[in-house]
Structure formats: C-alpha cells, structure tokens
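Heads up, the thing below is written out as structure tokens.
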Amino acid sequence: CKMKIALYLPGIVDGSEDGYQYVDLAQVMDIDDGSCEEILLENCLDYVSQRKDFLSEIVKKVRYGGKIIVSGIDLHQVGRQITNGFITTSNAASVLYDKRQSSSTIDEMQSLLELGSLTIISKQLSDINYTLIAQRGVPNG
C-alpha cells in the first residue's frame with residue numbers, strides 16, 4: 001500500500017492538498033505501522049502538546065524510505081518580520097497563540113525530526129513559514 005496521508009485538525013487546520021488521503025490528527029493510532037509512503041503535517045505539530053512522542057508515533061507509520069513533510073511557523077522569522085516592521089506584535093500574537101500548544105524554529109524542528117532517526121532532505125523558509133522534508137532510513141540488511 002502506498003498511502004499518502006495528510007493529517008488535519010478539524011476546525012483549525014483543514015487540508016486541501018491533492019493526492020493525499022486526509023486523516024484526523026486524533027486518528028493517527030489507527031494507521032497501520034509502515035503503511036504510508038508519505039505523511040504531510042501541514043501546520044499541525046504546533047497544536048500537539050507532546051510533539052516528540054507524537055512524532056515518534058508518526059515515524060512508525062511511514063515505511064522505510066518514506067517521507068514526512070512538516071511545515072509550521074518559524075519563531076525567528078516572526079521576530080524578523082516584527083523587527084522589520086512587516087507585521088505588528090498583535091498580528092504576530094494572533095498567529096502564534098491561536099490554540100497552539102507550542103512554536104519552534106526550523107532548526108528546532110529539524111533536531112526533533114533527526115532525533116526520530118529521520119534524514120532531512122529538504123529545508124526551506126518562506127515568509128514566516130518553514131517546510132522540512134525528512135526521510136525514514138532503510139535499516140541495514
């Protein structure tokens with residue numbers, strides 16, 4: 001099975017990416033281990049209180065050689081936008097604190113993914129957002 005899964009949070013992060021089967025974040029445990037070719041976590045991880053444990057669970061769901069795509073808001077970029085006068089502090093606060101459990105930088109998220117034995121294959125910043133693509137390694141054998 002070569003499932004491409006995109007996780008969403010009803011009422012907070014609703015997805016519309018083509019080519020993905022959408023699964024409620026709360027239903028992750030129902031996905032078979034090693035069944036996904038790709039999992040998209042688009043602006044979801046900031047709403048999860050136990051991100052490290054949750055990511056460990058996500059890694060199990062991806063087949064060896066499969067990918068996890070994570071995007072979110074980068075705190076450093078938000079700070080730069082405020083400093084440069086592109087956004088106000090109240091705009092930044094409304095973006096950052098809208099039901100989020102946490103926020104991070106692209107480097108913090110990279111470290112978190114690498115702790116899960118993932119290899120970063122793409123890393124980009126756009127405006128205040130980051131996107132990381134990580135791949136699950138194939139065990140020696």
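Applying the selection to the stretch 61-81, what residues are assigned to a helix (DSSP H, G or I) and surrounded by 16 or more Cβ atoms within 10 Å (Cβ to Cβ)?
Lys61, Leu75, Gln77, Val78, Gln81 - these are the residues of the stretch 61-81 that are assigned to a helix (DSSP H, G or I) and surrounded by 16 or more Cβ atoms within 10 Å (Cβ to Cβ).
Please go through the stretch 122-141 and pick out each residue that is in a strand (DSSP E or B), more than 14 Å from the chain's Cα centre (by Cα) and either surrounded by 18 or more Cβ atoms within 10 Å (Cβ to Cβ) or in contact (Cβ under 8 Å) with a residue 12 or more places away in the chain (or both).
Arg136
What about Val13, is it modelled with pLDDT under 85, of a type in the set (Val, Ile, Thr) and open to solvent by less than 30 Å² (accessible area, probe 1.4 Å)?
In short, yes.
Inside the stretch 26-53, can you point out the residues that are open to solvent by 30 Å² or more (accessible area, probe 1.4 Å) and either touching a residue at least 24 places away in the same chain (Cβ under 8 Å) or touching a Lys or Arg at 6+ places or on another chain (Cβ under 9 Å) (or both)?
Met29, Asp32, Asp33, Gly34, Glu37, Glu42, Asn43, Tyr47, Ser49, Arg51, Lys52
Checking Gly34 against (1) at negative phi; (2) at pLDDT below 95: exactly one of these is not met. Which one?
Going through (1) at negative phi; (2) at pLDDT below 95 one by one, Gly34 breaks only (1).
Just name the residue that is farthest from Gly79 (Cα to Cα) out of those in the stretch 91-121 that are among the hydroxyl-bearing types (Ser, Thr, Tyr) and open to solvent by 40 Å² or more (accessible area, probe 1.4 Å).
Ser117
The values are calculated or read from the model by the stated rules, or taken from the named source; none is laboratory data. Everything quoted here is computed from the prediction, not taken from an experiment. Using ideal geometry, Cβ is built from the backbone for each residue, glycine included, and neighbour counts are taken over all protein chains shown. Just so you know, the surface numbers come from the protein's heavy atoms only, side chains and all, with ligands and any DNA or RNA stripped out. Shrake-Rupley method; radii C 1.70, N 1.55, O 1.52, S 1.80 Å.
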